[in-house]
Amino acid sequence: MGWFKADPKLVEQGEALAGRATPIVPSRPHLVLGTSMLPPYPENSIVASFAMGCFWGAERRFWQLEGVRVTAVGYQGGFTPNPTYEEVCSGRTGHAEVVLVVADPLQITYAELLQSFFEGHDPTQGMRQGNDVGTQYRSAIYTTTEEQAELAARALEAFGAQLAAKGYGAPTTELAPAGAFYFAEDYHQQYLEANPNGYCGLGGTGVSCPVGLFAAS
């Protein structure tokens with residue numbers, strides 16, 4: 001998965017690849033959950049997007065959570081419409097590799113999804129996760145509501161303090177409203193279910209992120 005670059009920088013909008021009008025659309029249901037990856041999603045669902053490095057392992061982390069109805073991997077946070085995996089990995093689309101999560105709020109909260117996000121990777125590494133180097137591997141939270149944005153900001157501040165207490169640097173997590181989500185190609189969806197021995201570079205810091213630190217009303 002790693003595309004090694006020295007000091008990768010985000011592409012400027014005017015220099016991004018042109019992309020295309022035709023979207024990539026999943027051709028099958030979710031391999032683990034059996035649900036459609038396509039909208040519309042069940043009414044009142046939590047819909048959230050997280051970037052935490054290689055999306056193969058990140059997706060598996062979320063589909064294992066009770067209350068998650070749908071996960072899908074794709075590209076978000078950049079400029080190029082309907083990009084391909086190769087284009088995203090070139091660093092010339094501006095997108096991050098993300099996991100789209102659709103969850104039942106009666107079974108899991110957005111705060112608990114944030115907890116899994118922060119504990120599942122090292123958000124202090126800038127444009128990389130471990131040996132995976134590139135702008136597509138940056139840490140990011142793309143929010144779909146004002147409430148998500150407020151909670152994510154509190155969580156980022158609280159977890160940053162936890163990291164500092166353990167000797168880590170400041171988190172570099174991007175926090176922004178969710179723009180267009182572009183599905184990745186079929187072979188990326190639930191990749192580690194189809195390929196149980198496949199590559200997973202996901203690794204956390206070992207620092208806990210208690211929900212009570214940021215989710216108190």
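Between N82 and S208, the distance separating the two model label sites (each 7 Å from Cα on the Cα→Cβ line) works out to 4.8 nm.
Near V70: Cβ cut-off under 12 Å, other residues only, Lys/Arg at +1 and Asp/Glu at -1. The net charge is -1. By other beta-carbon atoms within 10 Å, ranking C89, C54 with the fewest at the front produces C89, C54.
Our estimate of slack between T22 and E157, defined as 0.36 nm per intervening residue step minus the Cα-Cα distance, is 44.7 nm.
How large is the Kirkwood hydrodynamic radius of the chain, counting all unique pairs of alpha carbons, in Å? This gives a value of 17.3 Å. Extent along the principal axes, Cα only, for the range 33-100: 35, 24, 18 Å, with the longest axis given first.
Scaled against the 2.2 N^0.38 Å expected of a compact globular protein of N residues, the Cα radius of gyration of the range 107-196 reads 1.19. A cut-off of 5 Å between modelled amide H atoms, ignoring neighbours fewer than 5 places along the same chain, links V207 with no other residue. Here the label points at D7 and L65, each 7 Å from Cα along the C-beta direction, are separated by 3.6 nm in the simple model. Most tightly packed first, judged by the mean number of other beta-carbon atoms within 10 Å of their residues, the peptides 143-150, 14-21 read 143-150, 14-21.
Every number here is computed from the coordinates shown, using simple stated rules; none is lab data. What you see is a predicted model, and the numbers here were worked out from it, not measured in a lab. Positions of Cβ are generated from backbone atoms using ideal geometry, with glycine treated the same way; all protein chains shown enter the neighbour counts.
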